[in-house]
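Notes to accompany the following structure.
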Amino acid sequence: MTGRRVVIVGGVAGGATCAARLRRLDESAGIVVLDRGPYVSFANCGLPYFVGNVIQDEAKLLLATPELFRERFNIEVRTENEVIAIDRGTCDVLVRDLETGREYREPYDALVLSPGAAPIRPPLPSIDLPGIFTLRSVPDSEDIREWIEAKNARRAVVVGGGFIGLEMAENLAHRGIDVTIVEMADQLMPPLDPEMAEYVSRRVAHHTAHLQLGDGVAGFEQAADGSLTVRTRSGAAFGADLVVLSIGVRPETELARAAGLEIGERGGIRVDPQMRTSDPRIWAIGDAVEVRNRITGQWDLIPLAGPANRQARTAADVICGRDSRFRDVQGTAVCGFFGLTVALTGATEKALRRAGIEDFGAVYLHPGHHVGYYPGAKPIHMKLVFRRSDGLVLGAQAVGEEGVERRIDVIATAIQMGATVFDLEEAELCYAPQYGGAKDPVNLAGMIASNVIRGDVELAPWSELHTAGAVLLDVREPSEFRGGCIDGAVNIPLGRLRERMGELPRDREIWVNCAIGQRAYYACRILSQHGFQVRNLSGGFNTYRVQYPEKRFQPATAGTGN
Ligand SMILES: Cc1cc2nc3c(=O)[nH]c(=O)nc-3n(C[C@H](O)[C@H](O)[C@H](O)COP(=O)(O)OP(=O)(O)OC[C@H]3O[C@@H](n4cnc5c(N)ncnc54)[C@H](O)[C@@H]3O)c2cc1C
């Protein structure tokens, strides 16, 4: 029996989890959770769906109450109690009861900071006008719902096209509101590589009134009738009855900074693998901390619920004397909107380049989520990134309607186990016709990448398509070719390649494409064994269409690849 006193700042994803774990490990500890909001342990991830009326009962968002914490765990939870200072010398925190205004001190043996991250509100002209919202808490979602109903809102502008922005866009559209998305980057879903985000843009553009990419908001105006105008830097203007800002979050570090705790280079609280801050009696977890990126080795801010929950367990373990360590973060995430699922894990190509890592390769594939002969197969657009020198899996992105998150979860686990593309090639996964293929998309990704590493086929870089001076050979059927092709490509269908290879030059590289990459691989094998210099345009014409979104084609025939 230790009788230790643990104070936790923030009672949602990280804080509530840490409190419950502490109690399971130490029945005698005094545990106090302080949260300045009116609720603890609420489902932040469900808030967009509450705004969209998909979740209609607010009570469903409240996963636990202070009463439940008291009765079940003997944990004291004080809502609407804000921690305003940490005194590291006397080991107590200064707390303000927001209802009464009373200030008091709460002593601790161990202090856990889980204050989360605040939505960014840039200092733009008139950003504080009524009708401009951010979404972080249950009261935020109540405010948005009330505004929509009171104003009978018909038009909304969502600023920011990341995870939360797109979830908000979908949910507002679900309420019959015309949504415009304004995003400063040239792509939606900034964590994705741009060509993978193109699938997202196509789907979102179909369901929203307007999609304004590559344009930042310059300011807001309000008319006499209360309606808003969002003006962009390019001079565009969008009318709106409400605006939702979802342009990212910044870690809540004010308390930690004021207490002199070390803050990292990305602006989050710096912690060690045991979630300890620079003060050995203070731990920090969740969105407020910086984490090591498992792939790049760099410090990163990855505000996701999974890491917050796992870090909470680590901190509780360590406070109770266990030698637990938090593994680094690889940013495994999933998001769904307008019937599309987007998921990613590990590093993207652009993240690797940003980190100065050049030893990597990338393959694209577009397999069906299950075999093509079973009704309802939907393509999954995948990109696998791996270390060229030894095949270590570095990351994967996938977009599609079905089976997306399962493949990314498998690859996420593989990355954590230090797997190579050869392991993916050999992975034994579930198969029946309605679920997958005897060669699952994960196997296929591993096979394609393994082929590259073994030297069975060379990949052609999409970025050099029109500058490399290679002969472009399309081995699809003429009917597919007529529906759209790469500029300058010649068409020799795979079935006629052996008889017509005399038409191809031997003194120049030949870059081969088909619809999704499979027939091009066969063609590469045939031609290379006949002495031609060939490379495969990974992912085929399907990938070309997203690499060059400015080109508009007839829809190509979808292939399942197995
Ligand atoms: C709309 C939305 C949707 C999301 N969807 C997903 C998703 O689908 N998947 C996913 O992985 N992640 C999602 N997230 C992110 C996820 O919710 C966070 O990563 C996670 O909640 C972080 O946990 P935390 O404990 O660090 O912070 P939080 O859960 O934000 O909790 C912090 C708490 O600390 C309190 N607090 C702050 N400062 C003080 C203080 N000085 N005194 C007292 N209390 C204080 C705050 O009031 C807050 O209640 C979503 C987030 C939002 C906002």
Taking segment 160-171 and keeping residues open to solvent by 10 Å² or more (accessible area, probe 1.4 Å) and away from the ligand (no atom under 12 Å from the Cβ) leaves 170
Give all pairs with beta carbons closer than 8 Å in which a residue from segment 62-86 that is charged (D, E, K, R) meets a residue that is part of a loop (DSSP other than H, G, I, E, B) and open to solvent by 40 Å² or more (accessible area, probe 1.4 Å); count only pairs at least 6 apart in sequence or on separate chains. 80/36; 80/38; 80/98; 80/99; 82/36; 82/98
Taking the residues in segment 453-506 that are aliphatic (A, V, I, L, M) and in a helix (DSSP H, G or I) as candidates, determine which candidate is surrounded by the most Cβ atoms within 10 Å (Cβ to Cβ). 497
With segment 224-264 as the region, which strands (runs of 3 or more DSSP E) entirely inside it contain at least 1 residues that are buried (at least 18 other Cβ atoms within 10 Å of the Cβ), at pLDDT 95 or above and within 11 Å of the ligand (Cβ to nearest atom)? 242-245, 249-251
Residue that is farthest from residue 284 (Cα to Cα), among those in segment 95-119 that are within 12 Å of the ligand (Cβ to nearest atom) and open to solvent by 40 Å² or more (accessible area, probe 1.4 Å): 98
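Checking the condition of a type in the set (Gly, Ala, Ser), out of contact with any helix residue (DSSP H, G or I) (no Cβ under 9 Å at 6 or more places or on another chain) and within 26 Å of residue 342 (Cα to Cα), which residue from 267, 216, 235, 239 passes?
Answer to the selection: 216.
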With the structure loaded, tell me whether residue 546 is open to solvent by less than 10 Å² (accessible area, probe 1.4 Å), in a strand (DSSP E or B) and either closer than 29 Å to residue 201 by Cβ or touching an Asp or Glu at 6+ places or on another chain (Cβ under 8 Å) (or both) or whether it fails that test. no
Do we find a residue being in a helix (DSSP H, G or I), on the phi < 0 side of the Ramachandran plot, modelled with pLDDT of 95 or more and open to solvent by 60 Å² or more (accessible area, probe 1.4 Å) anywhere in segment 507-518? no
May I ask you to list the residues in segment 326-360 that are free of Cβ contacts under 8 Å to residues at least 60 places away in the same chain and among the acidic types (Asp, Glu)? 328, 358, 359
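Is it the case, given these coordinates, that residue 141 is over 21 Å from the mean Cα position of the chain (by Cα), open to solvent by less than 70 Å² (accessible area, probe 1.4 Å) and within 11 Å of the ligand (Cβ to nearest atom)?
Values: over 21 Å from the mean Cα position of the chain (by Cα): yes; open to solvent by less than 70 Å² (accessible area, probe 1.4 Å): yes; within 11 Å of the ligand (Cβ to nearest atom): yes.
So residue 141 fits the description; yes.
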With the requirement that a residue be open to solvent by 30 Å² or more (accessible area, probe 1.4 Å), assigned to a loop (DSSP other than H, G, I, E, B) and over 11 Å from residue 436 (Cα atoms), what does segment 346-372 give you? 356, 357, 358, 359
Pull out all pairs, ordered by first then second residue, where Cβ-Cβ is under 9 Å, the residues are six or more apart or on different chains, the first lies in segment 34-45 and is closer than 15 Å to residue 75 by Cβ and within 7 Å of the ligand (Cβ to nearest atom), and the second is among the charged types (D, E, K, R) and not in a helix (DSSP H, G or I). 34/78; 34/82; 34/106; 35/78; 35/80; 35/82
Does segment 395-430 hold any residues that are open to solvent by 10 Å² or more (accessible area, probe 1.4 Å), assigned to a strand (DSSP E or B) and not β-branched (Val, Ile, Thr), and which are they? none
Answer yes or no: is there a residue in segment 300-313 that is open to solvent by 10 Å² or more (accessible area, probe 1.4 Å), more than 13 Å from the ligand (Cβ to nearest atom) and not in a helix (DSSP H, G or I). yes
Would you please name the residue that is nearest to residue 117 (Cα to Cα), looking only at residues in segment 1-28 that are of a type in the set (Gly, Ala, Ser), more than 9 Å from the ligand (Cβ to nearest atom) and open to solvent by 10 Å² or more (accessible area, probe 1.4 Å)? 20
Among the residues of segment 267-283, is there at least one that is in a loop (DSSP other than H, G, I, E, B), surrounded by 22 or more Cβ atoms within 10 Å (Cβ to Cβ) and more than 16 Å from the ligand (Cβ to nearest atom)? no
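The values are calculated or read from the model by the stated rules, or taken from the named source; none is laboratory data. Quick caveat, the model's predicted, so the values are computed rather than measured. Positions of Cβ are backbone-derived with ideal geometry, glycine not excepted, and every protein chain shown enters the neighbour counts. To get the accessible areas, we keep the full protein, side chains included, count just its heavy atoms, and leave off ligands, DNA and RNA. Shrake-Rupley method; radii C 1.70, N 1.55, O 1.52, S 1.80 Å.
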